[in-house]
Amino acid sequence: MTILSKLSYALILLGLILLMGACSSTETVYLKKHHTPDGYVNTIPLESPAIGDMLGFAWESLTSDTKNIEYPTAQNDPMFLQKNTKKATITWVGHSTFLIQMGGLNFLTDPQFSERASPVSWIGPKRYTPPGIALEDLPVIDFVLISHNHYDHLDLATVQYLKEKQSQNPPLYFVPLGLKSWFKDIGVENVKELDWWEKDTFKGFAIHSVPIQHYSNRTPWNRNQSLWAGWVIENEQRTIFFVGDTGYSKDFKKIGEKFGPMDLSLLPIGAYEPRRFMESIHVNPEEAVKIHQDVQSRYSIGQHWGTFSLTTEDMDEPPRYLSQALKKANISESEFFVMKHGETRMLNPLFN
Ligand code: ZN
Ligand code: ZN
């Protein structure tokens, strides 16, 4: 190739590059790695499940003899909870739903009070253990954390009930990116949408959205169109870490480096079998213990078990498996424990 033809070749190449740049300037630019044209992805992207795998899981669910259990609920004191502004408390409602009272505010995590975790009331995963406190007995809720849009974490009927009940003083919802429109469509406007690593503040609290490993969808057509997130909630007294659903990932070490040590982590321990389908999206108790260590948690409470039967392990297996995992990791069961549905514990002093 002569120098002249080399030069013209280089010019043509340069022209093409500039042209490509000009063309792409009219398209959406995705500045963050987890934002893609096909939706959001995990820090280490997961493959979408093959149709055969989904059918395989459906078949295993249908044919498994999973033991389902209705747990007795512990008595709490709704009158005290409604009036309390001084004491820091935590009440496990069931599944990933907690009522937390801190700094004079009341907040809920993934409020789900319905009979089913499903788009319709007559079919879909059924609740075995009733909510540990009735919706009508809740104190006035100041804010709500939503981890993602799956039906066992974001419940339309519950959000609508809170909207009616608190029409004069609606709770503020903190939701992952892309989920605000769902709230807008049902007339709920008091919503803050956060991307991973973004922070907001509210009445003495700093609220951070952090990456976890999961996915989102409410229909077969909107997979990963809204994000999923863990939440770190800090006030002067405490740092609390809430995770809805997650597979185990390196994200937790990073979260620990940035926000640890946590005073209290609320970690999922159920819905992990069969492993070959669930491993990437739902941790088992052993992995929950690793998260507890990664974020240097003083205390953790195991949740996402004993309420809905979503997968094939027996409903009472997660706490037993947690005990074994703790023993193996040489961690005391008073450090990482489960609560009874409806049980209230004091957060100040923290569990002692
Ligand atoms: Zn989920
Ligand atoms: Zn879930």
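The residue that is nearest to ligand 1 (Cβ to nearest atom), among those in region 203-217 that are buried (at least 17 other Cβ atoms within 10 Å of the Cβ) and of a type outside the set (Ser, Thr, Tyr), is 214.
Just one of the listed residues (165, 180) is farther than 19 Å from residue 302 by Cα, within 17 Å of the chain's Cα centre (by Cα) and either modelled with pLDDT of 95 or more or buried (at least 22 other Cβ atoms within 10 Å of the Cβ) (or both), and it is 180. In region 263-288, the residues that are closer than 30 Å to residue 237 by Cβ form Cβ pairs under 7 Å with partners that are assigned to a loop (DSSP other than H, G, I, E, B) and aromatic (Phe, Trp, Tyr), at six or more places apart or across chains, as follows: 269/305; 270/305; 283/248; 283/272; 287/248. Against the test of being touching a strand residue (DSSP E or B) at 6+ places or on another chain (Cβ under 6 Å), in a loop (DSSP other than H, G, I, E, B) and polar (S, T, N, Q), the options 217, 224 yield a single qualifying residue, 224. Considering only residues in region 267-311 that are modelled with pLDDT of 95 or more and basic (Lys, Arg), the one that is nearest to ligand 1 (Cβ to nearest atom) turns out to be 290. The number of residues in region 321-352 being surrounded by fewer than 16 Cβ atoms within 10 Å (Cβ to Cβ), among the polar types (S, T, N, Q) and closer than 28 Å to residue 128 by Cβ comes to 3. Evaluating residue 150 against the criteria (1) assigned to a strand (DSSP E or B); (2) within 16 Å of ligand 1 (Cβ to nearest atom) leaves one unmet condition, (1). Hey, could you check region 1-52 for residues that are at pLDDT below 80 and charged (D, E, K, R) and say which is nearest to residue 195 (Cα to Cα)? Per the stated criteria, the residue is 27.
The values are calculated or read from the model by the stated rules, or taken from the named source; none is laboratory data. Everything numeric in this text was worked out from a predicted model, so none of it was measured. Every residue, glycine as well, gets a Cβ built from its backbone with ideal geometry; the counts of neighbours run over all protein chains shown.
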